[in-house]
Each structure stands twice: as structure tokens, then as C-alpha cells.
1. Return the pairs, sorted by first residue and then second, in which the second residue is in a helix (DSSP H, G or I), the first residue lies in segment 229-253 and is more than 16 Å from Val198 (Cβ to Cβ), the beta carbons are less than 7 Å apart, and the residues are 6+ apart or on different chains.
2. Counting just the residues of segment 178-198 that are of a type outside the set (D, E, K, R) and assigned to a loop (DSSP other than H, G, I, E, B), which one comes out least open to solvent (accessible area, probe 1.4 Å)?
3. Would you mind telling me which numbered condition in (1) under 28 Å from Asp46 (Cα atoms); (2) buried (at least 19 other Cβ atoms within 10 Å of the Cβ) Leu352 fails?
4. Could you go through segment 157-177 and let me know if any residue there is open to solvent by less than 10 Å² (accessible area, probe 1.4 Å), modelled with pLDDT under 95 and more than 16 Å from ligand 1 (Cβ to nearest atom).
5. Inside segment 61-104, can you point out the residues that are assigned to a strand (DSSP E or B), open to solvent by less than 40 Å² (accessible area, probe 1.4 Å) and more than 16 Å from ligand 1 (Cβ to nearest atom)?
6. If Thr125 satisfies every condition in (1) more than 16 Å from ligand 2 (Cβ to nearest atom); (2) in a strand (DSSP E or B) but one, which is the exception?
7. Just to verify a result, which residue in segment 265-294, among those that are among the acidic types (Asp, Glu) and in contact (Cβ under 8 Å) with a residue 60 or more places away in the chain, is surrounded by the most Cβ atoms within 10 Å (Cβ to Cβ)?
8. I need every pair where a residue in segment 75-96 that is without any contact (Cβ under 8 Å) to a residue 24 or more places away in the chain has its Cβ under 6 Å from the Cβ of a residue that is away from ligand 1 (no atom under 16 Å from the Cβ), sequence separation at least 6 or different chains.
Amino acid sequence: MRAVAWHGKHDVRVDTVPDPEIVNPRDAIIKITSTAICGSDLHLYDAVIPTMQKGDILGHEFMGEVVDVGSAHKNGDANGHALKVGQRVVVPFTIACGNCFFCEKDLWSCCDNSNPADNQDISDTLMGHSPSGLFGYSHMTGGYAGGQAEYVRVPYADTGPLVIPDHLEDDQVLFLTDIFPTGYMAAEQCDIERGDTVAIWGAGPVGQFAIRSAFMLGAERVIAIDHRPARLKLAEEAGAECLNFETVHILDALSEMTGGRGPDRCIDAVGMEAHGLSLDNLIDRGKQAIGIGTDRPHVLREAIIACRKAGTVSVPGVYGGFLDNVPFGAAMNKGLSFKMGQTHVHRYLKPLLARIEAGEIDPRVVISHRLPLADAAMAYKNFANNQDEFRKVVLKP
Ligand SMILES: [Zn+2]
Ligand SMILES: [Zn+2]
């Protein structure tokens, strides 16, 4: 089959690779009909996530048709619901067993069983405990082949994938795999109260879903921060007030817009590769360049300083390593709450599908390009260099 493979920094190629096969009884093989490139794929493209290997197949946002299932599905001993050949499914980007301590607590991205032990060692050392496996996202999260391909093997396929009704098209439901639940969980974790102002750094696809989710969950005002005009325009169309960090001093503006109190809830939908020419970010860039720094947490620093006392900072943006000069003293003394994590996608599939079916949100608004899988290298390059135009790319194998 054809698949998008990682070959190093700024080098992805569409390679011919062996077709995936059923390995475990609970597996399924999915023929991909739609797959998207994610902002977090750019962290792999930029080679800032460790433990990638040449030839790793990328992609964690995908859906398609079930073409083969393991024996558990046929024998009726599947965990949640058995899949059948021919069903159309969306697949959560987090891989979870459904049976462990964490899965039983609805904490799917913390699954203890989906990140194989030989790979766990790396993340255990870095983090104390390893998170769940993820599709197409380095060997630290299991080394699973991703879904920017013609076919993919889905482990624990009796637990994760959600069967999609025929009347919904791929583009309406594809983002249930990651960015809609991710934006939604970011807003939900803010514990928004009536009348709250929510500031959201990053108006990329996750930010766009966070904006819409914050309003759904009762925010009175949402302030979106970015520097790309098309993204800010889309944020404005969703009802957000917009700040361009290239022309406005963000801390001053947020203070002024909230009568000096600061936003009640702050969402960092940017993560480890913040843009901008602030002094702290330039220093982080320098440290990254010479290998003594991992992340550029400019946004997190700014969110902590901006947030009102006893407010909440919610972090859906991906961080990978050790963050320098984060003002933890400010966070402590202001009594801030922090919420973060890889998304517990399984938890959100059904409720968010219901919101799509009810017409409360149309996820298609974030799509800018629909391209054949063969154009993946071009799509990555443009997405990396021109995110304003290449806002969200959907690939069709
Ligand atoms: Zn994603
Ligand atoms: Zn589990």
C-alpha cells in the first residue's frame, strides 16, 4: 500500500510499504477514506519529538471502512462492541484497551496497556509513567503505524472506533478523531462559569474547536490570539474577539479588555513551538537550536501572567520535554488551576457526534484543502510554511 512515511526533519515521503495485517484478536484493519494532517504532526515534521525512526508511518486523524477483523470480533468475545466488515468508523487517535485501571475511570489517554513495555521505558524515564499509545506519533507512544495511508491496523478495535451513520459525510465527522474532542476537552476542563471570559492562544484547528466549544459550554466572551489573518477571521465568525500578537501587546490588551482582572480561563492551544519575536521566545529558539532546550513555552508563560487570580489554565497544546522559566511562582501565588493532557477521545465520541448531528457545529469550517494522499509531501511543506492558507488539509487515499 501507499503510506506517508517520516524520513527526518522536513522530509516526509509517500512510500510503498507492506499492507497491515491482523496481529491480535481484537484488531481491525481499516481502509482509509479520509485522513488529516494535524498541527501536532508538524512537531514530528520539525523533528522536535524524540524517538521517531526513518520509515515510521504518520497520521493519527483518520476514518474509513472496516475490511478485516480479528477473531474476538467474530467469536463474540470483543470488549465493547464487535466490528463488522463493511462498517464505516472514525478512530480515536489515542489507543486504549478499555479494561485497565485508567480506561475504567474514563481516562483513556492514560491507558496502561496500549503502550508496549519496550517502548514504555523511554517515556517512563522521561515522565515517570508512560501515557497511552498513539497512532503515528513516535516510539515513545508505542511506535504504531499511523493512518496517513491506504490501510491501518487498529488495536483494541472493539473499544475505540465509532460507527458512523451513512447520512453523514467524512468531512463532517473526521475531526472526531482528535481536534474536535481536543478543543472541546480544553474548554470543558476550564470549568467555565456563566459570564466567564475565555482567552485562547492559537486559532488553528484545535483553537477553532476550543472557541466554539467554549461558547457551547457557556462562555460569555471568547478572545482569540493568533497572528494569521485567515485564522483570526474564522475565529471572529465564531463570535470571538480577536487579537493579533504581531500588532498588539497581548498582556496589556487582555488586561484592558477585562477591566484589569484578566481572563477567567486561559487555553494554550499552541504548545511547544510558539511563534513570535518576544525576547523569551527568541532565547528558547536559541536553546533549541544548540540542543539545550526542548520546548518554547512562550504561550504558557503569557497565559499564567494574563490569567485572573484563581482562574484556570487549560493546555491542549502539545509539550514534549522540559520547560524553562515558566513562572510557577505566579501560578502558585495567584491560585491558578491547571488542566491538561492528551485527549480522552473515547469519552467524547458519542456526545460530540450528537452535537454534529443536531447541527450545533459544522466541523467542515476548518478544512482548507482536500488533496490526494500522493500530495502529502507538498501538503506538509505548505502546512508548515503557510498555515494561514493551508489551515487544515484532508488527504484522500
Ligand atoms: Zn491531531
Ligand atoms: Zn486501558
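1. Here the result reads Leu234/Gln208; Leu234/Val365; Asn244/Leu232; Leu251/Glu302; Leu251/Ile305; Leu251/Ala306, each pair linking segment 229-253 to a residue that is in a helix (DSSP H, G or I).
2. Only one residue tops the list, namely Cys190.
3. (1)
4. no
5. Gly64, Val66, Val69, Val89
6. Thr125 satisfies every listed condition except (2).
7. The residue in question is Asp268.
8. Every condition considered, the pairs that remain are Val85/Val66.
The values are calculated or read from the model by the stated rules, or taken from the named source; none is laboratory data. Treat the numbers as computed from the prediction; the structure is a model and nothing was measured. Glycine gets a Cβ as well: all are built from the backbone with ideal geometry, and neighbour counts include every protein chain shown. Remember, those area values only see protein heavy atoms, side chains included, never the ligands or the DNA or RNA. Shrake-Rupley method; radii C 1.70, N 1.55, O 1.52, S 1.80 Å.
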